[in-house]
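Worksheet: one structure, shown below.
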Amino acid sequence: MAGYGPPTTSFSRALKLIGDTLSARFGDRIKVDYVWNIMDHGHRAEEILTLVENGAMTLGYQSSSYLTDRVPELGFVDLPFLFEQRDQARAAIDGELGRFLSRSIEARINYQILGYFENGFRHISNRLRTVRTPSDLKGMRIRALPSEVQARTFELLGAIPLRWDLTEAIAAIKAGTIDAQENPFANTVTYGVHKFHHFHTVTNHFYISRPIFLNRSVFDAWPRDLQSAMRDAVAKAVAFQRELAIVEDREAGAAIEAAGCQITALTPEQHALFRQAVDPLLQDARRTYGADIFEMVAAAKEAVALDTEQRF
């Protein structure tokens with residue numbers, strides 16, 4: 001099982017939970033090996049996709065944006081401001097939207113998708129100036145995930161998007177050859193970006209999930225009891241990781257401030273300016289992806305609202 005972060009992250013700890021759960025049940029019938037960070041072994045972060053696809057690794061995770069060139073439907077969940085709250089996003093990913101995305105991935109790639117970790121809401125950091133409105137991003141060179149939807153988002157916001165792998169981005173941030181990046185606070189701290197970027201803005205512009213994928217040929221060859229146990233272990237690990245993600249986000253924000261950096265919270269009016277700037281992309285998306293997929297999001301939001309109303 002492989003990832004691309006140190007063993008202390010919520011993702012690595014969730015992999016360990018999967019391994020521990022299976023080992024406790026199957027004992028010597030299985031052997032579990034971990035590669036916490038493939039970048040420590042000379043790989044690019046995106047190579048986890050092919051390492052699992054070709055069977056060199058059994059299980060991995062990666063932000064869904066890395067698959068959009070091969071699975072165009074995933075571009076939908078790269079749309080900006082698709083969700084306002086964490087619970088809405090989780091309900092959609094765990095519901096019909098997530099099932100649709102899993103089917104789309106499996107139809108094109110030799111993966112078995114067993115669940116989705118939460119990468120969460122993303123924010124902009126930069127080395128130049130405070131960002132409160134889209135105009136503050138004008139001309140900034142910003143690293144974006146390998147997604148045309150995300151690149152177009154930053155173009156509309158006035159920035160210059162660079163579709164780079166994480167490995168390239170970290171090197172460029174340290175060298176000061178790019179101006180900005182966007183990530184959840186936890187990622188920003190994990191990769192040490194806050195040591196080079198003074199300015200951080202809580203934009204919540206994307207919510208990204210990380211599918212957990214296995215090599216399907218390997219998975220299909222397993223005994224049924226191991227397949228079932230893996231499904232159960234992943235479901236347990238997803239719930240565990242998501243709770244850790246909330247804690248990580250809070251602790252990472254504190255770490256950014258402790259490093260002397262500035263965190264800017266947008267007013268509702270300022271946030272609306274970002275939303276208005278990307279409206280052409282959202283209008284195009286209704287024609288590109290169709291009404292049904294937007295209905296999946298709407299249904300998830302309605303379910304969350306109803307559950308909140310019943311609880312209070």
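Nothing in this text is a laboratory measurement; each read-out follows from the coordinates by a stated rule. All of these numbers come straight from a predicted model, not from anything done at the bench. Using ideal geometry, Cβ is built from the backbone for each residue, glycine included, and neighbour counts are taken over all protein chains shown.
Around the amide H of Leu266, modelled in the peptide plane, lie the amide H atoms of Val202, all under 5 Å away and 5 or more residues distant in sequence or on another chain.
For the chain, the share of DSSP beta bridges that are antiparallel, to the nearest 5, is 65%. When a/c reaches 1.5 or more, the comparison of a/b and b/c decides; with that in mind, is the range 102-235 rounded, prolate or oblate per its Cα gyration tensor? Verdict is prolate for the range 102-235. Projecting the Cα atoms of Gln262, Val297, Trp222 onto the charge dipole of the range 190-312 (Cβ charges, centred on the Cα centre) puts Trp222 farthest toward the positive pole.
I need the shape label for the range 133-172. Rule: rounded when a/c is under 1.5, else prolate if a/b > b/c, else oblate, with a, b, c from the alpha carbon gyration tensor. Note, shape of the range 133-172 comes out oblate. Using only side-chain charges placed at the Cβ, +1 for Lys and Arg and -1 for Asp and Glu, the dipole size of the range 194-248 relative to its Cα centre rounds to 100 debye. Of the residues Ala237, Thr288, Ala186, the one whose Cα sits farthest towards the positive end of the charge dipole of the chain is Ala186 (charges of +1 on Lys and Arg Cβ, -1 on Asp and Glu Cβ, taken about the Cα centre).
Once the Cα atoms of helix 96-108 and of the chain are each reduced to a long axis, what angle between those two axes, in degrees from 0 to 90 to the nearest 10, is obtained? Approximately 70 degrees, to the nearest 10. Within a straight-line Cα-Cα reach of under 17 Å, Lys138 can be paired with the following aspartates and glutamates, leaving aside sequence neighbours fewer than 8 residues apart in one chain: Glu155, Asp179, Glu182. With contacts taken as Cα pairs under 8 Å and at least 6 residues apart, the range 160-303 reaches a relative contact order of 34 percent. In this Cβ point-charge picture (+1 for Lys and Arg, -1 for Asp and Glu), the chain has a dipole of about 420 debye about its Cα centre. Residues in the range 296-301 carry Karplus couplings, in order, of 4, 5, 4, 5, 5, 5 Hz; the curve used is 6.51 cos²θ - 1.76 cosθ + 1.60 with θ = phi - 60°, and Gly or Pro positions show x. For Glu106 and Thr308, the difference between the fully extended length at 0.36 nm per residue and the C-alpha to C-alpha distance is 69.4 nm.
Straight Cα distances below 25 angstrom link Lys16 to the lysines Lys31, Lys236, with same-chain residues fewer than 8 positions distant left out. Using a Gaussian network model of the chain in which every pair of alpha carbons under 10 angstrom is joined by a spring, one finds that among Pro161, Pro280, Pro72 the greatest mean-square fluctuation is at Pro280. Model label sites at Ser23 and Asn54, defined 7 Å from Cα along the beta-carbon direction, differ in position by 2.9 nm.
With the charge dipole of the range 49-116 set up from +1 on Lys and Arg Cβ and -1 on Asp and Glu Cβ about the Cα centre, the Cα lying farthest toward the positive end among the listed residues Ala107, Ile93, Gly55 is that of Gly55. Taking the Kirkwood radius as Rh and the Cα radius of gyration as Rg, the range 202-258 has a ratio of Rg/Rh equal to 1.17. Per-residue ellipticity at 222 nm from helix content only, as computed over the chain with -39500 (n - 2.57) for each DSSP H run of at least four residues, stands at -15500 deg cm²/dmol. Rounded to the nearest 20, the Cβ-based charge dipole of the range 152-242 about its Cα centre (Lys and Arg +1, Asp and Glu -1) stands at 220 debye. Close amide H partners of Ile160, meaning residues 5 or more places away or on another chain with modelled amide H under 5 Å apart, are Gly139, Met140, Arg141, Ile142.
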